[in-house]
1. Quick one: what are the phi-derived ³J(HN,Hα) couplings along the stretch 384-396, Karplus 6.51/-1.76/1.60 with θ = phi - 60°, whole Hz, x for glycine and proline?
2. Taking the Cα of residue 37, stepping 7 Å toward and past its beta carbon, and measuring to each backbone N in the stretch 159-196: which are under 17 Å?
3. Would you tally the net charge around residue 79, using a Cβ to Cβ cut-off of less than 12 Å, leaving residue 79 out, and scoring K and R as +1, D and E as -1?
4. So what is the accessible area of the stretch 210-323 per residue, in Å², with the probe set to 1.4 Å?
5. Counting only heavy atoms of protein chains, what accessible area per residue, in Å², does the stretch 402-485 have with a probe of 1.4 Å?
6. Given 454, 476, 438, which one lies farthest toward the positive end of the charge dipole of the stretch 428-478, if we put +1 on the Cβ of every Lys and Arg and -1 on the Cβ of every Asp and Glu?
7. Please compute the length gained on full extension between residue 465 and residue 358, using 0.36 nm multiplied by the number of residues separating them and subtracting their Cα-Cα distance.
8. Measuring from label point to label point, each 7 Å out along Cα→Cβ, what is the residue 386 to residue 104 span in nm?
Amino acid sequence: MKKTDIRKIIAVLLAGVLLLAAACNTGGSRQQTGSGSFEDMLIILHTNDVHGNALEDLEPEEGSGTIGYAKIAKIKSELEALGASVLLLDAGDASQGTSLVNLDYGKSAFDIMDAVGYDAISPGNHEFDWGSDNLQQLAEGASFPVLSANIVRRTGGDLVFDANKIFEMPNGMQVGVFGLTTPETLTKAHPDKVRDIDFLMGEELYAAAQAQVDELKGAGATVIVCLSHLGMDGESEPNRSIDLVGKVTGIDILIDGHSHTLLESGQEENGVLIASTGSLFKNIGIVTYDGTKASATVYNGVDAKIAGTVDEKIAGVFASTEVDVAVGKIVSDINDTVMEQLSAVFATTDVDLDGERDPGVRTQETNLGDFAADAILWAAKQAVGDQVVAAVTNGGGIRTSIPAGPISMNDMKTVFPFGNQVTVLTITGAELLEALEAATCTTPEAIGAFPQVAGIEFTIDTSVEYAEGEEYPESTYFKPANPGSRVTIATVGGKPFDLNAEYVIASNDFTAAGGDTYYAFRYGYTQTGYMTGLSLEDALVNYTLRVLGGVIGQDYASPAGRITIK
C-alpha cells in the first residue's frame, strides 16, 4: 500500500472487518510450499532496539556485550551462499543510544544497515528523536524500505512511509511484510518533532493491520509477517503486539520491538508466532518457516549459543567466528572518527555514578540523577537568573552509568544522547504535582518518566493505587485522576510547597513539551517556555568544570535524599 489516505480506507473497514476478525481469528493461513528441507525453508534473521550498538563488543566473563553488524552480515551472506532463502529485518530503534549513530542524527545507523543488507525496518520511536523530516530523508536515502502502516500526516491523512512490501524468495515463497510503529512515539519522542504526523492507535491500528493482511494476500503473498515496534509492556496497552494479534486475523509471524522483551523460543498468541530479541544487539533472532510451521529462537553472542534447536546448516553458520570484513571496516571507521572527536578527557569522578535502569534512574533517586538535575538547575540559573527554583528531568533520559575515573565528552553524550536542551518554564504547584504523580504512576516498577530532581523534596506512597483519569487529545497521555493521592511534595526551592503558587523550573525540552508523562508541563512550555540553547550534556560539562572544579567528589557519593519512597 502506497502513501494514500489510510483513514478513508479504515473508515470503511472498521465496522465490519474487526468483528469478523474477532469472530474467526484462527491465526494465519500458512500454506505448504516446500518439503521442509533447508533449501525450501524461509529463514528470517531479525534485530530490534539495537540503539546504535554497532560494534562487536563481547565480554563472556562478565556475561555481557554486543554482537555487532559485521557478524550478522556474515551470517546472512553465508546462509544465502548455502542456498537459503533469507530475510533480514529490524523492528525499530536502530538509532539513538551511542555517539556512533547520534552525531549524524541516525544516518550512520542507516548507512551501516545498508552495507549489511537489511531488507526492511519498521521505525521505532527513537528514529524520530531528530524529527520526522530527518527520518524521511534517511528513508529516501536507504536501499531498504522503511515500513509503517499506521503513521499518517496530520493534514490529509496520507501515509508517511510505505506500508508493506512483498519479497519473492528463491524457494518460491511470496513473503508479505508490513510495518507498524508504537503510538507512544507521540510522547516517547519529542512531541514538537512529531507534530506534523499522527499514529493510528487502538481500533484504527487493528483495522490498518487487517487491511495490510488482506491487501498482501490479495497480491499473492503466501506468508504474512508483521514487523512491529509495538512491544508487550502493560503501559503500551491497547497498542501492544499481543493486543494486535488478538484483533487481526491472517498474520503468520510478528517480529516485535520497543519493550526490549527477550523471547528465546518465541511466544504463540492466537496462532501467531511473536519473536523478539531483547535489546542492544545482545542476540540475533532466528525464525524458520517451512511453509506450515514457524519456529523462533535466538543466538546469544556472549555464550555463542543458539537457545533452541535449528537445522544443522544454520547451526554451523552461527558456530563460525568469522565476520564480514568490509562491514566491520565501515563500522570501525565511523567509530574511530566519532571517538577522535569525543575522547578527550575533561574531568574525573571520585565516585561511581548510578545511571542503571532498574533499580536505578527509572525507579528511585540516584546520585547521577542528583548530579544531572543539579547541573540542569545551575545551567538554567546561568541563563535566566535565580528565579529558577527547581529542576525536573526524566530518569529515562539518563542512559548509562559513569564509573569512577576519567570522564570524556563521549561519556556525557552517552549519558544524555538525545541532544535535548535545558529549558525553563513557569508552572503552577498543581501542574507540578500532576506531573510528579503521573511520572511515578508505576513506581516501584520502572518507568522512563521517573523524575530526578533538584530543589524539590517529595514522597511517593506506593501503597496507594494509582488512578488513571481522562485522556488528553492527540496524545497517549492519561491525566492522573487524583493528583496528590500518591505523591506529596514537601518543599520547592527550599520553601513549603504551595499548590496555587507559580514556580519557574528547569527541565529538558522533551519533558517540557509534554514528553513521557509530563503533559502537565506542556501548557507552561507553550506559554512561557524558554529553550536556553544549551544541550544537557554541555550543561553537565560546564557544571563539572565551573562549579565542581573538574572533579565530581564525595558530595555525590550517594543520593541526597530528595525523594522518599514508602
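1. 10, x, 6, 5, 6, 10, 7, 9, 9, 9, 6, x, x
2. 170-173
3. Numbers: positive: 74, 76, 313; negative: 39, 78, 80, 311.
Result for the local shell: -1.
4. Numbers: 3930 Å² over 114 residues.
Averaged over the residues of the stretch 210-323, the accessible area is 34 Å².
5. Details: 2960 Å² over 84 residues.
That works out to 35 Å² for each residue.
6. 454
7. On the way: separation 107, 0.36 × 107 = 38.52 nm, distance 2.06 nm.
Fully extending the segment from residue 465 to residue 358 adds 36.5 nm.
8. The two pseudo-label positions are separated by 4.8 nm.
The values are calculated or read from the model by the stated rules, or taken from the named source; none is laboratory data. This one's a predicted model, so the numbers in the text were calculated from it and none came from an experiment. With ideal geometry, Cβ positions are generated from the backbone for all residues, glycine too; neighbour counts draw on all protein chains shown. Heads up: the accessible areas ignore ligands, DNA and RNA and are worked out on the full protein's heavy atoms, side chains in. Shrake-Rupley method; radii C 1.70, N 1.55, O 1.52, S 1.80 Å.
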